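Each remark here refers to the structure printed beneath this line.
The values are calculated or read from the model by the stated rules, or taken from the named source; none is laboratory data. It should be emphasised that the depicted structure is a prediction, and the values quoted were computed from it without experimental measurement. Here the Cβ is made from the backbone with ideal geometry for all residues, glycine too, and neighbour counts use every protein chain on show.
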Amino acid sequence: MKLYETLEPRVLGHVFDLITETTKHDGIPPVAEHVLLHLRHGGDKEDRHIVLESDGVIAGYAHLDLTDQVEGPSAELVIHPEYRSKGLGESLLAEIVRIAHDSNGDKKLRLWSHGDLPGARRLAERGGFSIVRTVVQMRRPLTGNIPDKDSRFSYRNFVVGQDESKWLELNNHAFSGHPDQGSWALHDIKVRELEEWFDPAGFIIATDEANNEAKMKGFCWVKIHGGIGHHHDGSSHDHDPIGEIYVMGVDPSHHGEGIGRAVTIAGLHYMRDRGIYSAMLYVDAENRAGLALYKGLGFTEWGRDVLYRKG
């Protein structure tokens, strides 16, 4: 087991292979998007990377973020499917706990489980972790009826190089206090603009007027995930591309005007116009207003991500 502040290129390539193979096997990425972005583009956070080898093969990886001085450190880990049930997960988690404690003392470690898979649940519970947050993944088909766009609002596309500052102000105001979305900086949006999936046409801004100077009242940012192969129980499957309501937000001063529903519908139309058959999104399990909105638009629960805390 080896600790890195920055992964060297050779090791980084093997870590990406590990994440890809695990995603194919489990049907869900084992680490969050922000971890993948950090691995691909770097970042300014005090992150640590723990790499676990077995028989000369990288069989496990953990990402440890030590920057949050309020909530405490957080971690995500992955074990290659072929090396599970051998105690490697317990060893990797024990090393995470040790490093987090040495760096942050009594601040309790948080641990993400993507997909809430049974093996991850058992590992967390045996390690003394308890659930403190649940994020619901919802999906709906796009082959059925989608409501018409709300004609009360004008819609335009995000303009790269022009809209970043105004959008950041709106986003951070709309998500004030949110643990993931409420404190974005320019770097956060710039690295996403470099991603292959980024398309300004899928970054929809709602305004009162169809020009770039009108005030942003809300937005729906769509992300298209490409198809991915998946093997399970000895057979192989291909997954069709899927569209994600990546981020949807409304200026708090315009709550209650129907803007959230309107921009979400606009995002669904964008997906279907590009031949996408299914839509997904993530929403906190305690966000009753969000759950009601998405259920009203035909979304149903598909899976869950769970955040655990030590002790």
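Here Leu109 passes the criteria (1) surrounded by 21 or more Cβ atoms within 10 Å (Cβ to Cβ); (2) at pLDDT 95 or above except the one numbered (2).
The set of residues in the stretch 116-141 that are under 17 Å from the mean Cα position of the chain (by Cα) and over 13 Å from Arg309 (Cα atoms) comprises Asp116, Leu117, Val135, Val136, Gln137, Met138, Arg139. In the stretch 155-194, the qualifying residues are those that are aromatic (Phe, Trp, Tyr) and over 15 Å from the mean Cα position of the chain (by Cα), and the one that is farthest from Leu307 (Cα to Cα) is Tyr155.
In the stretch 58-76, of all residues being in contact (Cβ under 8 Å) with a residue 24 or more places away in the chain and farther than 15 Å from Asp102 by Cα, the one that is nearest to the chain's Cα centre (by Cα) corresponds to Glu76. For the stretch 167-218, the set of residues classified as closer than 20 Å to His255 by Cβ and assigned to a helix (DSSP H, G or I) consists of Trp167, Leu168, Glu169, Leu170, Asn171, Asn172, His173, Ala174, listed by residue number. Among all positions in the stretch 205-216, there is at least one residue which is charged (D, E, K, R) and closer than 20 Å to Gly256 by Cβ.
Within the stretch 83-134, the set of residues being basic (Lys, Arg) and part of a strand (DSSP E or B) comprises Arg110, Arg133. When restricted to residues that are hydroxyl-bearing (Ser, Thr, Tyr) and part of a strand (DSSP E or B), the stretch 135-158 contains 2.
When the stretch 148-186 is filtered for residues that are surrounded by 16 or more Cβ atoms within 10 Å (Cβ to Cβ) and small (Gly, Ala, Ser), only Ala174 remains.
Per the listing Val97, Val132, Val160, the residue uniquely in the same structural domain as Ala206 (by TED's automatic domain parsing) and touching a residue at least 24 places away in the same chain (Cβ under 8 Å) is Val160.
Remark: pairs (first residue in the stretch 105-123, in contact (Cβ under 8 Å) with a residue 24 or more places away in the chain and on the phi > 0 side of the Ramachandran plot; second residue buried (at least 17 other Cβ atoms within 10 Å of the Cβ) and assigned to a strand (DSSP E or B); Cβ separation under 8 Å; 6+ apart in sequence or on different chains) = Gly115/Gly303; Gly115/Asp305; Asp116/Gly303; Asp116/Asp305; Asp116/Val306. In the stretch 269-294, of all residues being of a type in the set (A, V, I, L, M) and within 18 Å of Pro200 (Cβ to Cβ), the one that is surrounded by the fewest Cβ atoms within 10 Å (Cβ to Cβ) corresponds to Ile276.
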